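These notes concern the structure reproduced below.
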Amino acid sequence: MASNVDSTPQWFMQRRIKLQHIKVLASFPQHETLHQVAKHLGISQPAASKIIAELETAVRHELFTRSGRLLIPNDLGKILIRHSVVMLRELGHASDELAAMVDGRRGHVAIGAIDGPTVNELADFLVYLKKHFPLIEARVETASSVQLIKLLEQRKLDIVLGRATPTLDRSRFSYREIGAERLAVVGRYDHPLSQEKRLRIKDLQQENWIIQSKNSTLRAWFDALFVERDLSAPAHIVNTDSLLMTLAYLSRTDALSVLSEPVALQQAACKQLSILSIDVDTTTAPYGLIVPVDTSSSPILTTILNVLTPLVRKHYSHKTR
């Protein structure tokens, strides 16, 4: 075999490299002996040895040194092994995408969701998906509706459970309203106000609060509680967008907060929070499913919508009874 590396541009692409060569190379990070590689690929050891010989002939370089039963890749072998692993992984992704186009039962889906009102729907969705469509890998990302729609426009998400923002391009994306989010005023589990039957907003003006920062739907609703009654905003407010920080702070103080009702109910069921009764409607802005206008070319997205749509409508109808 030649000892110098061919410097001709694209020389490697001109060699007769086969998929079986790539499979053998990609097996070496997990297997050290030719016997193990052959067993992993379901071929005989002589066949595996022949494939390596063909490969070294094709590239005109030795790729391994032999030490007993071990095949130790040299520097050239390591390069080809590393790229073979990547190539095989990419071919696997291509297989997933092709299968998804054929039957919509395998592949990847990225779902964006606003945190509060969708927590139960998404939890049920993921349980159902893993039971009935185990080959579909789902990723859930939470953020504000504005951020999620940007990711949807950049094709980093496939579907969004969120609010229709003014900037939503209705020519590219459809919005299917689910319903309105409900909020809850909460305090620690044994909060002194938790036994009160019907608190007025002015009764809450002097309380300490930990609340989401400005420019969120939840904060806008909170601010409006006082403005609409000609009351000044509470003087003592800690601002945070972290649910964990909110829960930790509430557990240590008599402060109050506002959470999405599904989250509040979960925490109350675990005896982490009390939900206070107040004399106002806690319904806020509606949310829904935001999807590309043309879903007909994506069987996997059709599958997801067929599963997700009934679940979110079931949850919402249950909440409004």
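The values are calculated or read from the model by the stated rules, or taken from the named source; none is laboratory data. Worth saying up front: this structure is predicted, and the values here are computed from it rather than measured. We place every Cβ from the backbone using ideal geometry, glycine too, and count neighbours over all the protein chains shown. Areas reflect the complete protein model, heavy atoms only, side chains present, ligands, DNA and RNA absent. Shrake-Rupley method; radii C 1.70, N 1.55, O 1.52, S 1.80 Å.
The table below gives the values:
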{"item": "Subset tally (residues that are aliphatic (A, V, I, L, M), part of a helix (DSSP H, G or I) and open to solvent by less than 40 Å² (accessible area, probe 1.4 Å)) for the stretch 237-271", "result": "6"}
{"item": "Within the stretch 272-296, considering residues that are without any contact (Cβ under 8 Å) to a residue 12 or more places away in the chain and among the polar types (S, T, N, Q), the one most open to solvent (accessible area, probe 1.4 Å)", "result": "Ser296"}
{"item": "Filter result (at pLDDT 85 or above, surrounded by 14 or more Cβ atoms within 10 Å (Cβ to Cβ), within 41 Å of the chain's Cα centre (by Cα) and closer than 14 Å to Ser27 by Cβ) within the stretch 42-77", "result": "Ile43, Ala48, Ile51, Ile52, Leu55, Leu63, Pro73, Gly77"}
{"item": "Whichever residue in the stretch 111-159 is β-branched (Val, Ile, Thr) and more than 20 Å from Phe173 (Cα to Cα) and, among such residues, is least open to solvent (accessible area, probe 1.4 Å)", "result": "Ile136"}
{"item": "Matching residues, the stretch 217-251, being under 19 Å from Ser194 (Cα atoms) and without any contact (Cβ under 8 Å) to a residue 12 or more places away in the chain", "result": "Ala248"}
{"item": "Enumeration of residues in the stretch 133-147 that are touching a Gly at 6+ places or on another chain (Cβ under 7 Å) and aliphatic (A, V, I, L, M)", "result": "Ile136, Ala143"}
